[in-house]
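Step one of this worksheet: look at the structure below.
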Amino acid sequence: MARARSTTSSIAQIIILLLISFFSSPSSAAYPAATKKKQYKPCKHLVLFFHDIIYNGENAANATSAMVGAPAGANLTILADKFHFGNMVVFDDPITLDNNLHSPPVGRAQGMYVYDTKNTYTAWLGFSFVLNTTDYQGSINFIGADPLMNKTRDISVVGGTGDFFMHRGVATVMTDSFEGEVYFRLSVDINFYECW
Amino acid sequence: MARARSTTSSIAQIIILLLISFFSSPSSAAYPAATKKKQYKPCKHLVLFFHDIIYNGENAANATSAMVGAPAGANLTILADKFHFGNMVVFDDPITLDNNLHSPPVGRAQGMYVYDTKNTYTAWLGFSFVLNTTDYQGSINFIGADPLMNKTRDISVVGGTGDFFMHRGVATVMTDSFEGEVYFRLSVDINFYECW
Amino acid sequence: MARARSTTSSIAQIIILLLISFFSSPSSAAYPAATKKKQYKPCKHLVLFFHDIIYNGENAANATSAMVGAPAGANLTILADKFHFGNMVVFDDPITLDNNLHSPPVGRAQGMYVYDTKNTYTAWLGFSFVLNTTDYQGSINFIGADPLMNKTRDISVVGGTGDFFMHRGVATVMTDSFEGEVYFRLSVDINFYECW
């Protein structure tokens, strides 16, 4: 490096270093920038499971979700038939830390999804995780497209409250297990990139 | 304070003060940080009321909202019965500055909620405030879980337009009054933490 | 401009310029600030069209969306009648780069909207653009109020994944064309102000 010739240039160097360190600090890396495909490090990370038991007319005691409505028209079920196109499912599912339905729940996944394709299984999700544990108290709010036949699906964490105050991030949803069209277990890998 | 010995060190002091003031300014405090439980000061604050008059088959003239659909299955109403589980309510409610339904509306609360629990009243909300006053023109977009039996419920402000361009925040919803299952008045205490 | 009298003041000028340029740079302009009505420059801009063909009981092969449910009550259609108040529409619409329904689709617009006013056409939107092109891979998530009779309607971009990782912005929706109540073509002018 160039030798400092005077106090004046030393100060200039210090200031330049300060500015450089500001621009390259981890927190500034989390700020918006027009470039894409950067690898950001999450400021918080959670993996949770939730369990969806769909009401089939006979399991009212155990069901945690229910299909609502059907496409309007002369024959209500023509579109809904195979891929449930047009059906909305409302749910209140237990959240667990592992993949066991009978583990003690740490909260509830509450909200809705609509089946939105005629020729495959896709859904649009709008829901919240309401967590109530010693580690986490608060809610996490999600929306996004869920192409169910893909191994992993990324949705947006658009806000949060309590311990997740103002958080944003991306969550990767995976179908961990399913039994017919009654039981679905989803794992959700939540990466927060704005933590406040 | 240390006496300035030369022009050079005076400049250094000014710059350091500038940098310190930048790092500790209120706007920089609003940036993401991994620490939690900080007390942030909102950059904007609004308290508004909205009034939900649910359609009961007889009040079409006055109703501002309507229940839609019912859980599918052999008996459509088994799940929906007591806590409306699975029912969606669509609404277009007047917004007022105080708790009087007959005050001049300053906008409309428009959107939907789904009742999502079998054994208590909880809902998932997705809606917008569309404001049209001399003070505020624009929309505020909300989503979040609403456990109705809690005194206060926090939901996310996930975006906005017009005077609320790109805003984010947290809103605290309270049931200010209700009459049976027809009239609900909610107060919404909106704290914006990103104001642009 | 003032002449530089010494090395010291030259350095001061450089630093001040650096600080000014930092505070006024495009990226810092994208940070939250309490002042309103600023003109921000988007960090990314997209114009896309999507095409909504509503199921009418006879067009199952071509339909890309379907109305679901109807307000509950003795007479299911009283409220829904003219302006579809209370009806939900679920959609999976092709997205194109121009206004031609038959152009090669670059993705799908998937989600739902609810008609939410009794005396005019307004809707509340929750949907995603799922893009799959050589230029863009990823999803963009939207919510907001849609007063259909207005020429332009602003909604929020609340998050994104893939090439739109963590993006936020405002989208201006316009009804580009419609045929009766079966075909709607919407243009969406998306301005991202947080691009990461």
Shortest-first distances to equivalent copies, position B:Val47, nm, label 7 Å out along Cβ: 4.6, 4.6
Shielded residues, the stretch C:131-163 - accessible-area loss of 30 Å² or more between chain alone and all protein chains, probe 1.4 Å: C:Asn141, C:Ile143, C:Ala145, C:Asp154, C:Ser156, C:Val158, C:Thr161, C:Asp163
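Roughly how many Å² is the accessible area per residue of the stretch C:44-194, as a whole number, for a 1.4 Å probe?
With all protein chains present, the stretch C:44-194 gives 35 Å² per residue.
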Peptide-level mean, for A:121-128, of C-beta atoms on other protein chains within 10 Å: 6
Protein heavy-atom accessible area occluded, B/A pair - total, 1.4 Å probe, Å²: 3700
Apportionment of accessible area to carbon and sulfur, the stretch B:113-185, percent (1.4 Å): 53
Net charge of Cβ neighbours under 14 Å - reference C:Ser177; Lys, Arg +1; Asp, Glu -1: -4
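The values are calculated or read from the model by the stated rules, or taken from the named source; none is laboratory data. Fair warning: this is a prediction, and the values are worked out from it, not measured in the lab. Heads up, the Cβs are rebuilt from the backbone with ideal geometry, glycines too, and the neighbour counts pull from every protein chain shown. The area values use the complete protein model at the heavy-atom level, side chains included, leaving out ligands, DNA and RNA. Shrake-Rupley method; radii C 1.70, N 1.55, O 1.52, S 1.80 Å.
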